[in-house]
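Chemist: Questions regarding the structure given below will be posed in turn.
The values are calculated or read from the model by the stated rules, or taken from the named source; none is laboratory data. It should be emphasised that the depicted structure is a prediction, and the values quoted were computed from it without experimental measurement. We place every Cβ from the backbone using ideal geometry, glycine too, and count neighbours over all the protein chains shown.
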Amino acid sequence: MQQRTVTITNRLGLHARAAAKLVKLAASYRKSRVTLARSDASHQTADAKSIFSVLLLAATQNTLIEITVEGPDEDLAMEALCRLIADKFGEE
Amino acid sequence: MRGSIRKSHEERLEGIGVCPGVAIGNAFLVDDPRGRVVRVFLPKERLESEILRFREAARAAQAQVKVDIERVRTALGSDHAYILEAHLLMLQDRTLGRQIENFIRVNHANAEWAVRDVTQHLLEVYGQIEDEYLRERGSDIEDVAHRIIKILSGKEQRSLNELADNSIIVADDLLPSVTADLDPRKVLGFVTGIGGWTSHTAIIARSVNIPAVVGVRDITERVRSGETVIIDGSAGTVILNPSPETLLFYTEERQRQRQQALYDIEERELPPITLDNQEIRLRANIELIEEIDTYQRFNAAGVGLYRSEFLYSQAETGQPTEEEQYEAYKFLAGMVGDEGAVVRTFDLGGDKLHLEGFKAERNPAIGMRAIRLSLSVEPVFRTQVRAILRAAAHGDLKILLPFITNVDEVRRAKKIIADVKRQLASEGVAHKENIELGVMIEVPAAVMMAEALARESDFFSLGTNDLIQSLLAVDRGNENVSSLFDPMHPAVLRAIKMVSDAAAKMQIPVNVCGEMASNPAQVILLLGLGLRDLSMTPGAIPAIRRLVRSIKLADAETLAAYVLSLDTPAAVRHYVQTHLNDLGSELLAAAHAG
């Protein structure tokens with residue numbers, strides 16, 4: 001199991017376009033379970049392969065998100081997801 | 001026997017005519033984007049097949065979205081397809097699918113109902129998201145739900161590309177995106193179930209000069225695509241299943257109007273001068289910069305009222321930037337030339353400006369709107385003033401303040417305008433220093449204070465629509481009392497007289513910009529009460545020009561002086577009607593008091 005905490009840095013947060021990119025990427029690692037959790041008091045979690053779930057996190061700019069990946073390709077998946085977020089979803 | 005053929009009866013429906021003229025064509029229904037869903041309770045043995053029906057619809061919806069994505073990608077580039085990508089992911093989302101299937105099982109629900117209910121619930125959850133931008137994504141969920149329901153009910157959105165010639169567009173409400181896609185050469189008219197004078201459909205219809213009636217309740221339930229429909233945009237009437245006699249009547253009427261339109265073109269250069277040689281200024285009310293075409297078509301003497309609100313409603317953030325506004329005002333100034341244009345500062349409520357923390361008001365019409373809002377969110381007002389002052393360097397623009405109830409509001413606005421000028425000067429930015437400032441007279445308090453307001457301003461603009469509403473305490477949108485909205489009420493005429501007298505005494509001009517200025521019978525009264533400058537929807541100018549050219553001002557004054565002594569609206573109406581013909585014009589017979 002891999003776990004890492006990252007900050008959402010793009011201006012608009014996890015809005016539709018960003019969420020779509022994230023969900024598509026997560027879904028491409030078919031054999032792994034990917035979950036996101038807000039690192040705040042709510043500790044709300046989301047299935048990273050469900051766009052509704054991700055959108056409902058309502059992660060705005062500067063939200064801390066804990067990513068958990070579990071499965072045979074967890075290293076690759078974690079690497080790719082963190083890069084996408086650090087990259088501001090290719091938006092700015 | 002042909003007895004099996006249902007003989008349908010002619011049906012007349014009333015709405016609000018927002019662009020005059022007769023149109024006869026075939027109904028083309030555009031679906032309501034929000035759709036309607038019927039609830040059905042299913043027996044247990046039907047549930048599994050209902051779930052299959054849902055899955056099939058969801059698959060079909062995915063296929064549709066994929067096609068759309070490809071189309072958008074090729075046409076606009078992959079960056080523009082992202083919203084559709086999100087829609088596709090929503091359709092593929094197992095969380096949603098499972099919830100809907102579960103709902104069908106537990107509630108014995110039909111698939112449409114399940115989709116609507118589950119997505120509504122999701123929407124409610126979304127509604128609680130604090131970040132406005134993220135919350136807005138709820139509209140994507142609605143869109144997706146709508147798509148599935150459409151497929152389930154077999155009512156695919158008919159593509160507007162299928163639009164046949166001679167179509168009359170029928171819809172509950174038309175989205176701006178839909179109206180933008182319509183081919184104006186094929187559309188003869190518009191009918192919508194909701195909306196008013198300033199709804200989007202109304203504005204578009206006027207800008208392309210196509211007859212339109214809005215606010216015709218349940219219209220989409222009563223008419224089917226392909227049926228013959230007659231609309232009379234002047235009377236606000238829609239006729240379904242017209243009898244041969246009605247059809248003939250309106251065909252002739254349409255012919256007469258076409259002939260009239262030709263005269264209008266011939267007459268457009270004729271000066272609006274009364275028989276006793278008084279020149280009346282006829283100006284145009286403009287809502288959209290795009291409407292400026294119609295202004296030229298009817299040869300208006302300038303723009304008497306440019307409503308800036310639409311710049312705000314078109315801006316995604318609710319607040320257009322200084323540059324966006326500057327470009328629009330500059331364009332306006334360039335188009336109107338020496339005749340000039342009056343720019344009314346925004347007459348909006350806080351909700352429309354997307355102000356943070358602005359709570360919905362119980363009664364926004366008498367709430368924080370227009371000048372009140374301008375003075376309370378000064379930066380937004382300053383941005384608009386800056387843009388107008390800069391644009392006025394390129395042509396004759398004037399500033400008009402809406403909804404003034406208090407002299408102090410004018411003084412405060414003037415202080416801000418003076419301050420913005422100083423700022424522009426210190427930045428070395430080109431702007432107009434001596435811009436004229438006008439006050440809208442549209443509430444009774446402003447009528448009572450007209451002389452004092454005249455001391456603080458360069459001109460008045462008499463907004464009769466709002467004035468009549470507040471003077472007579474009538475909500476025009478409330479059908480129980482809307483018939484009490486009466487421009488012929490003696491109180492209205494006396495109020496107009498007060499404003500006209502005060503302005504004459506203080507020697508400032510008054511322009512009338514309400515609907516009264518486009519109604520021939522009421523225009524006679526306005527002229528008789530001393531008004532010489534009328535601003536109206538451009539399409540009304542030819543009729544008013546003809547009216548002006550056919551009467552003596554002295555007669556109008558005699559008429560007005562007499563009706564001021566009458567004590568009921570009915571008496572005024574009766575007197576005006578019976579004396580219209582005495583004024584010696586055959587055209588007036590057609591005008592009638594309305």
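Chemist: Looking for something crowded, with 17+ Cβ neighbours inside 10 Å, modelled with pLDDT of 95 or more and not in a helix (DSSP H, G or I) - is there at least one such residue anywhere in the range B:561-568?
Modeler: Checked against the condition, which is being crowded, with 17+ Cβ neighbours inside 10 Å, modelled with pLDDT of 95 or more and not in a helix (DSSP H, G or I), the range B:561-568 yields at least one hit.
Chemist: Which condition from (1) more than 26 Å from residue B:512 (Cα to Cα); (2) modelled with pLDDT of 90 or more; (3) among the basic types (Lys, Arg) is the one that residue B:362 breaks?
Modeler: With respect to (1) more than 26 Å from residue B:512 (Cα to Cα); (2) modelled with pLDDT of 90 or more; (3) among the basic types (Lys, Arg), residue B:362 is out only on (2).
Chemist: Here's something else I'd like to know. Please determine, by comparing only the residues of the range B:91-135 that are outside any helix (DSSP H, G or I) and polar (S, T, N, Q), which one is nearest to the other protein chains (Cβ to nearest Cβ).
Modeler: Keep residues of the range B:91-135 that are outside any helix (DSSP H, G or I), which gives B:93, B:108-110, B:128-131.
Checking the rest, the ones that are also polar (S, T, N, Q) come to B:110, B:128.
Details: B:110: 22, B:128: 9 Å.
Among them, the one singled out is B:128.
Chemist: Here's something else I'd like to know. Considering only the range B:177-195, I want to know if a residue exists there that is assigned to a helix (DSSP H, G or I) and free of Cβ contacts under 8 Å to residues at least 12 places away in the same chain.
Modeler: Scanning the range B:177-195, I find at least one residue that is assigned to a helix (DSSP H, G or I) and free of Cβ contacts under 8 Å to residues at least 12 places away in the same chain, so the answer is yes.
Chemist: Sticking with this structure for a sec: Let me confirm something: among B:61, B:75, which residue is buried (at least 20 other Cβ atoms within 10 Å of the Cβ) and away from every other protein chain (no Cβ under 14 Å)?
Modeler: Answer to the selection: B:61.
Chemist: For the range A:1-20, name all the residues that are farther than 14 Å from residue B:131 by Cβ and either within 8 Å of another protein chain (Cβ to nearest Cβ) or of a type in the set (Phe, Trp, Tyr) (or both).
Modeler: A:17, A:20
Chemist: How many residues does the range B:35-90 hold that are without any contact (Cβ under 8 Å) to a residue 24 or more places away in the chain and not in a helix (DSSP H, G or I)?
Modeler: 2
Chemist: Enumerate the strands (runs of 3 or more DSSP E) found wholly within the range A:28-92, keeping only those where 1 or more residues are among the basic types (Lys, Arg) and more than 22 Å from residue B:121 (Cβ to Cβ).
Modeler: A:33-38
Chemist: In this structure, is residue B:440 touching a helix residue (DSSP H, G or I) at 6+ places or on another chain (Cβ under 8 Å), assigned to a strand (DSSP E or B) and under 22 Å from residue B:522 (Cα atoms)?
Modeler: Yes.
Chemist: Here is a follow-up. If we keep just the residues of the range A:40-62 that are under 14 Å from residue B:94 (Cβ atoms) and facing another protein chain (nearest Cβ under 8 Å), which is farthest from the chain's Cα centre (by Cα)?
Modeler: A:52
Chemist: With the range B:281-349 as the region, which helices (runs of 4 or more DSSP H) entirely inside it contain at least 1 residues that are farther than 25 Å from residue B:270 by Cα?
Modeler: B:309-314, B:322-336
Chemist: If you go through the range B:358-365 one residue at a time, do you hit one that is surrounded by 23 or more Cβ atoms within 10 Å (Cβ to Cβ), part of a helix (DSSP H, G or I), assigned by TED's automatic domain parsing to the domain that holds residue B:303 and not β-branched (Val, Ile, Thr)? Break it down into steps so the answer makes sense when it comes.
Modeler: Filtering the range B:358-365 for residues surrounded by 23 or more Cβ atoms within 10 Å (Cβ to Cβ) gives none.
Checking the range B:358-365: not a single residue is surrounded by 23 or more Cβ atoms within 10 Å (Cβ to Cβ), part of a helix (DSSP H, G or I), assigned by TED's automatic domain parsing to the domain that holds residue B:303 and not β-branched (Val, Ile, Thr).
Chemist: All but one of (1) under 20 Å from the mean Cα position of the chain (by Cα); (2) assigned to a helix (DSSP H, G or I); (3) modelled with pLDDT of 95 or more hold for residue B:535; state the number of the condition that does not hold.
Modeler: Here residue B:535 meets the rest and fails (2).
Chemist: Mind telling me which of the residues A:37, A:86 ends up being touching a His at 6+ places or on another chain (Cβ under 9 Å), away from every other protein chain (no Cβ under 14 Å) and surrounded by fewer than 19 Cβ atoms within 10 Å (Cβ to Cβ)? So that I can check it myself, show each step before the final result.
Modeler: Details: A:86 fails: touching a His at 6+ places or on another chain (Cβ under 9 Å).
Matching residue, one of A:37, A:86: A:37.
Chemist: May I ask you to list the residues in the range B:313-354 that are out of contact with any helix residue (DSSP H, G or I) (no Cβ under 9 Å at 6 or more places or on another chain), modelled with pLDDT of 85 or more and surrounded by fewer than 21 Cβ atoms within 10 Å (Cβ to Cβ)?
Modeler: B:337, B:338, B:339
Chemist: Tell me, which residue of the range A:21-31 that is closer than 15 Å to residue A:84 by Cβ and more than 9 Å from chain B (Cβ to nearest Cβ) is surrounded by the most Cβ atoms within 10 Å (Cβ to Cβ)? Quick ask: steps written out before the conclusion?
Modeler: Within the range A:21-31, the first condition is being closer than 15 Å to residue A:84 by Cβ, and the residues that meet it are A:21-29.
So of that shortlist, the ones also more than 9 Å from chain B (Cβ to nearest Cβ) come out as A:22, A:25-26, A:28-29.
Numbers: A:22: 23, A:25: 18, A:26: 25, A:28: 13, A:29: 21.
Here the residue is A:26.
Chemist: Here's something else I'd like to know. Condition check: under 26 Å from residue B:202 (Cβ atoms), modelled with pLDDT under 95, of a type in the set (D, E, K, R) and in the same structural domain as residue B:192 (by TED's automatic domain parsing). Does residue B:227 satisfy that?
Modeler: yes
Chemist: When the range B:211-238 is examined, which residues are found to be buried (at least 20 other Cβ atoms within 10 Å of the Cβ) and part of a strand (DSSP E or B)?
Modeler: Initial filter on the range B:211-238 (buried (at least 20 other Cβ atoms within 10 Å of the Cβ)): B:211-216, B:219-220, B:223, B:229-233, B:238.
Scanning the range B:211-238 gives B:212, B:213, B:214, B:229, B:230, B:231, B:232, B:238.
Chemist: Still on this structure, I have one more. Looking at (1) within 10 Å of chain B (Cβ to nearest Cβ); (2) in contact (Cβ under 8 Å) with a residue 60 or more places away in the chain, can you tell me which one residue A:74 breaks?
Modeler: With (1) within 10 Å of chain B (Cβ to nearest Cβ); (2) in contact (Cβ under 8 Å) with a residue 60 or more places away in the chain applied to residue A:74, the lone miss is (1).
Chemist: Restricting the search to the range B:459-497, which residues are farther than 23 Å from residue B:533 by Cβ and in a loop (DSSP other than H, G, I, E, B)?
Modeler: Once the filter is applied, which keeps residues that are farther than 23 Å from residue B:533 by Cβ and in a loop (DSSP other than H, G, I, E, B), the range B:459-497 yields B:472, B:473, B:474, B:475, B:476, B:477, B:478, B:479, B:480, B:481, B:485, B:486.
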